[in-house]
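Student: Below is a structure I'd like to ask you about.
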Amino acid sequence: MTDKEILEGVLDEFKKLAAIPRPSGHIEKISQFLKDYFSEMGFKVFIDDVQNVIVDAPPAAGFENAPLIVLQSHMDMVAVAADGVPFNPTKDPIRLMRDEKYLKAAGTSLGADDGMGVATIMFLAKNMKARGALRFIFTVDEEIGMTGASFLDEKYLKGAKYLINCDSEVFDELTVGCAGNVTMDFEKEINRVPVTKKNVVEINLTGLLGGHSGERIGDNRGNAITALAKACREIDAQSEIELIEINGGNARNAIPSFATCVIATDMELDTLNITLMNEGRSLYSMYDEEGATFSVKEVATGKKAIARGDAMRILQFINLVHSGTYAVHQNGEVETSANLGIIRTEETKIKISVLPRSSRDKKLDLFISQGKDLAELTGFKAAFSDKTPSWSYSESVPLAEKMKEIFEHITGKKMRIKETHAGLECGYFKKKNPHLEIVSVGTTNEEIHSPRERLVLATVAPIVRMIEETILEISKN
């Protein structure tokens, strides 16, 4: 097949996925779709208790003795929309837009992470005939705790020698290690009191770059939640405020690009706008955020204010919790970080979610310890998930070297073998079968976990050809 035929074939499969709402936590429809899709192809399909889909594709004639290869991707996506774009992630399909260079979505995230991995496997299953036995594993809820990988029965990995994870984001980088992470959720009961200040206003901070908290955390991008909280503290230092609500972010693993709050203040609106203009300048001077914008509008609200003691503890928590790069490797790559990803105000409580990452698992224990202390000092309750294991190789991986050679032969380009600060499910797979040779590859997907997410079309065919030739070479030998 030509590169164009491969591209169009894979995009045809991706269009099927884009039509099915599949945000994390809502994977029933996509799980059933994949079960039906592969069943109609005559393959054996299993759905486990958490809705992971496992598919066994038997070997072609003459390849019965080839080692079993697993191809793996996750079904869910981070479904976010640009400010002001109407979008229900549990009901609305992704509307695709395409030009000569990119595939994008209309005002929302695209879901190439990891829809392109799923679509690539679908295409290969349909078109690759000369090969040994393959197993396709599609996991659930990778983006909110790797539930699928964690609960996957190790029996689905025991008979395999190789696993190719199709969830990397740069086509000429072959990943052989990733960071682990832990989810930290904080909740605080709040008391409400009558509003006494004369001006009730909504402050919006929009236009920040946002992006994936693993891939982009080292890019000096601002966090809209922390920036807005800083602005509230500055306003309060000049004229005491009453905080009514503060909200921001869409996902733990996405750097928040927007945040909004409602406050009551006796400060005149002209003075308030000047203060926020200065906060905007401060934001520009600290981060690479030329598009960040504060806006103010008067609003009517029937809500009471958060009691001042509670409000100050909330702002103190945001100010003190670490969000951003924490440590780097000697090569300059990010080793440890944390992301304050979500804040939500309800009538009687406030909720905050933070996601630390590290390629050194013990450093996650440090964040847990600090989180417990910070929660105690500020009156929050803290809850921590199990740690997602990091994945690292201390020596060369024959499968990686083989795929690198194939890629460079196909494209004439160099391929880097590296570790990533993003989280991948491979740590779980390696733990369940320490003898697996594992690599992660994928198309180039830019600005994932944001409404600017886009797939670089020219990277699709090389990845498909590399995986196909790797499977064929292993099957022959």
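Bear in mind these aren't lab numbers, they're just calculated from the coordinates by the rules spelled out. Fair warning: this is a prediction, and the values are worked out from it, not measured in the lab. In this analysis, Cβ positions are derived from the backbone assuming ideal geometry, glycine residues included, and neighbour counts consider all displayed protein chains.
Student: List every residue whose amide H lies under 5 Å from the amide H of residue 177, counting only residues 5 or more places away in sequence or on a different chain, with H placed 1.01 Å from N in the peptide plane.
Tutor: Those lying under 5 Å, H to H, from residue 177 are 420.
Student: At a Förster radius of 22 Å, what calculated FRET efficiency corresponds to the Cβ-Cβ distance of residue 266 and residue 191, to the nearest 0.05?
Tutor: With R0 = 22 Å, the Cβ-Cβ based efficiency is 0.55.
Student: Can you say what percent of the DSSP beta bridges in the chain, counting only those with both residues inside, are antiparallel? Round to 5. Present the calculation step by step, with values, prior to reporting the outcome.
Tutor: Working: 71 of 92 bridges.
Looking only at bridges with both residues in the chain, the antiparallel portion is about 75 percent.
Student: Still on this model: Compute the distance from the alpha-carbon center of segment 268-282 to that of segment 179-200, in whole Å.
Tutor: Cα centres, segment 268-282 to segment 179-200: 23 Å.
Student: If you don't mind, there's one more thing I want to ask. Over 31 Å between Cα atoms: which of 91/198; 101/126; 104/432; 4/431 fall into that group?
Tutor: Where the Cα-Cα span goes over 31 Å, the pairs concerned are 91/198; 104/432; 4/431.
Student: Count neighbours as other Cβ atoms within 10 Å of each site's Cβ, and list the GluC sites (Glu not before Pro) in segment 376-414 that are DSSP loop with at most 13 such neighbours. Please report the intermediate quantities before stating the final value.
Tutor: On the way: sites: 376, 395, 401, 405, 408; in loops: 395.
Sites meeting the loop and neighbour criteria: 395.
Student: Most exposed first by the Cβ proxy, i.e. fewest other Cβ within 10 Å, how do 141, 236, 48, 92 rank? Show your work: numbers first, answer last.
Tutor: On the way: 141 23, 236 19, 48 16, 92 13.
Arranged by neighbour count, lowest to highest, 141, 236, 48, 92 become 92, 48, 236, 141.
Student: What trypsin sites (Lys or Arg not before Pro) in segment 66-173 are in a loop by DSSP, with at most 12 other Cβ atoms within 10 Å of the Cβ?
Tutor: Here the sparse-neighbourhood loop sites are 91, 101, 129.
Student: Any chance you could check the Cα centroid distance between segment 25-48 and segment 72-132 for me, in angstrom?
Tutor: Here the two parts' Cα centres lie 17 Å apart.
Student: Between (i) 81, 44, 41; (ii) 90, 47, 44; (iii) 101, 55, 51, which matches Cα extents along the principal axes in Å calculated for the structure shown?
Tutor: Step by step, Cα extents along the principal axes in Å for this structure corresponds to label (i).
Student: So if I take the alpha carbon set of segment 42-150, get Rg, then get Rh from the Kirkwood formula, what is the Rg over Rh ratio? It would help to have the intermediate numbers written out before the result.
Tutor: Values: Rg = 16.9 Å, Rh = 15.9 Å.
With Rg and the Kirkwood Rh in hand, the quotient comes to 1.06.
Student: Quick one: compute the contact order of segment 79-166, relative version, from alpha carbon pairs under 8 angstrom and 6+ residues apart, as a percent.
Tutor: Here the relative contact order equals 19 percent.
Student: Also, quick follow-up: Averaging sequence separations of C-alpha pairs under 8 Å and six or more residues apart, then dividing by the length of segment 184-384, give the relative contact order as a whole percent.
Tutor: 33 percent
Student: Summing Lys, Arg as +1 and Asp, Glu as -1, what charge do residues with Cβ under 15 Å from the Cβ of residue 276 carry, residue 276 excluded?
Tutor: Details: positive: 230, 233, 281, 297; negative: 202, 234, 236, 268, 270, 279, 289, 298.
After counting each charged neighbour, the total is -4.
Student: If contacts are Cα pairs under 8 angstrom and at least 6 residues apart, what is the relative contact order of the chain in percent?
Tutor: 24 percent
Student: Would you pull out the residues with amide H under 5 Å of residue 390's amide H, same chain only if 5 or more places away, H placed 1.01 Å from N?
Tutor: 180
Student: Long-range amide H contacts for residue 254: which residues qualify at under 5 Å (H placed 1.01 Å from N, peptide plane, sequence gap of 5 or more or a different chain)?
Tutor: Here 213 satisfy the definition.
Student: Using the Karplus equation 6.51 cos²θ - 1.76 cosθ + 1.60 (θ = phi - 60°), what ³J(HN,Hα) coupling, rounded to whole Hz, does each residue of segment 250-259 give in order, writing x for Gly and Pro?
Tutor: Running phi through 6.51 cos²θ - 1.76 cosθ + 1.60 with θ = phi - 60° gives 10, 8, 4, 9, 10, 5, x, 9, 8, 7 Hz.
Student: Shifting gears a bit: Going down the list 304/349; 188/363; 372/430, which pairs span over 21 Å between their C-alpha atoms?
Tutor: As for pairs spanning more than 21 Å Cα to Cα, those are 188/363; 372/430.
Student: Could you go through segment 196-211 in sequence order and give the Karplus-derived ³J(HN,Hα) for each residue, using 6.51 cos²θ - 1.76 cosθ + 1.60 with θ = phi - 60°, rounded to whole Hz, and x for Gly and Pro?
Tutor: Per residue, the Karplus-derived 3J(HN,Hα) values read 10, 7, 7, 10, 9, 10, 9, 10, 10, 10, 10, x, 6, 6, x, x Hz.
Student: Assuming R0 = 22 Å, what is the FRET efficiency of residue 99 and residue 16, from their Cβ-Cβ distance, to the nearest 0.05?
Tutor: FRET efficiency, residue 99 to residue 16: 0.55.
Student: Per DSSP helix of 4 or more residues, -39500 (n - 2.57); summed, then divided by the residues of the chain. What does that give at 222 nm, rounded to the nearest 500?
Tutor: Computed ellipticity for the chain at 222 nm equals -10500 deg cm²/dmol.
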